[in-house]
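Undergrad: Please find one structure pasted underneath; my questions will follow.
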Amino acid sequence: MAIWGLADLHLSTNVDKPMDVFGAEWANYVSRIKHGWENRVNDSDLVIIPGDISWAMHLRDALDDLQWIGKLPGHKLLLRGNHDYWWESISKIRRSLPPRMYALQNDHFVWEGWAICGSRGWLCPGDTRFDEEKDQKIYLRELQRLELSLKSAFQEGHRHIITALHFPPFNVFRESSGFTELLSSYGVKTCIYGHLHAEAKKTAYEGYLNGVQYIFVASDWLGFCPALLAD
């Protein structure tokens, strides 16, 4: 009953959205995701998918992509990414998901002694792309959502926590942020994130900071194969 992570599937069954704009490494990526997944994940495992799941603009158009994921081995836990425009109310999404697929928002998910928490996240202050007028409000809102998620797990007595974010929880200079402070204060063991592609992948960080292990799980970084988080 292992736990895996794989972000940025960028499926586009009903949308004409080629991924080769991010480089030739995206060639045949859907079949590569399927192959890598099926060769690693068992039916009793959990795969966390932290965002950018489908290019669809509306939930009805994302259903084929969700069904495709649903046919892969294991249980799946979804979180929203910045390109998941189809992500409507959490209750509507949960009603639309295939069996053994779950969506996380402002709460937590328990799996084999682990609590999985998370939020979409956002650009952090100090990042070269951070626009205070545009980004500060969203950043603060995502901090609140992450704390709601962590607090819900903590209040139920969970102390072994994996957190999933779509955005990196720090800026390009790997400076501390409200996200990293929350992760440390709640004793999070592991934090996974995606979002970065092409040249931006060079700014990704993997390793330990203040007791938290950070793992970058963007699909193109991992060769489109899920990363093992816990076994």
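The values are calculated or read from the model by the stated rules, or taken from the named source; none is laboratory data. Given the structure is predicted, the values throughout are model-derived calculations rather than measurements. Positions of Cβ are generated from backbone atoms using ideal geometry, with glycine treated the same way; all protein chains shown enter the neighbour counts.
Undergrad: Pairs please, first residue from the range 51-79 and on the phi > 0 side of the Ramachandran plot and at pLDDT 95 or above, second anywhere and of a type outside the set (Lys, Arg) and in a strand (DSSP E or B), Cβ atoms under 7 Å, 6+ apart in sequence or on different chains.
TA: Matching pairs, first to second residue: Gly51/Ala7; Gly51/Leu79; Asp52/Ala7; Gly74/Leu46; Gly74/Val47.
Undergrad: Would you mind stating whether Leu123 is more than 19 Å from Gln213 (Cα to Cα) and buried (at least 20 other Cβ atoms within 10 Å of the Cβ)? Before the answer, list the steps.
TA: Numbers: more than 19 Å from Gln213 (Cα to Cα): yes; buried (at least 20 other Cβ atoms within 10 Å of the Cβ): yes.
Yes, satisfied.
Undergrad: Filter the range 46-69 for residues that are part of a strand (DSSP E or B) and within 12 Å of Gly81 (Cα to Cα); which is farthest from the chain's Cα centre (by Cα)? Even if it seems obvious, please write down each step before you answer.
TA: To start, the set of residues in the range 46-69 that are part of a strand (DSSP E or B) comprises 46-50, 54.
From the residues that got through so far, the ones that are within 12 Å of Gly81 (Cα to Cα) too are 49-50, 54.
Numbers: Ile49: 5, Pro50: 1, Ser54: 12 Å.
Looking at the filtered set, the residue picked out is Ser54.
Undergrad: Being among the β-branched types (Val, Ile, Thr) and either touching a Pro at 6+ places or on another chain (Cβ under 6 Å) or modelled with pLDDT of 95 or more (or both) is the filter here; which residues of the range 15-48 pass it? Walk me through it before giving the result.
TA: Step one: list which residues in the range 15-48 are among the β-branched types (Val, Ile, Thr), which gives 15, 21, 30, 33, 41, 47-48.
Hits for the range 15-48 are Val30, Ile33, Val41, Val47, Ile48.
Undergrad: Of (1) free of Cβ contacts under 8 Å to residues at least 12 places away in the same chain; (2) touching a Phe, Trp or Tyr at 6+ places or on another chain (Cβ under 7 Å), Ile161 satisfies all except one. Which?
TA: So the condition that Ile161 fails would be (1).
Undergrad: Here is a follow-up. Of all the residues that make up the range 171-192, how many are aromatic (Phe, Trp, Tyr), at pLDDT 95 or above and outside any helix (DSSP H, G or I)? Quick ask: steps written out before the conclusion?
TA: Restricting attention to the range 171-192, the residues satisfying the condition of being aromatic (Phe, Trp, Tyr) are 173, 179, 186.
Add one more test, that the residue is at pLDDT 95 or above, and what stays is 179, 186.
Okay, now just the ones that are also outside any helix (DSSP H, G or I), so 186.
The total comes to 1.
One line per residue, one yes/no per condition, for (1) closer than 27 Å to Leu72 by Cβ; (2) surrounded by fewer than 23 Cβ atoms within 10 Å (Cβ to Cβ); (3) charged (D, E, K, R):
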site: Met101; (1), (2), (3): yes, yes, no
site: Glu133; (1), (2), (3): no, yes, yes
site: Ser149; (1), (2), (3): yes, no, no
site: His160; (1), (2), (3): yes, yes, no
site: Phe167; (1), (2), (3): yes, no, no
site: Lys201; (1), (2), (3): yes, yes, yes
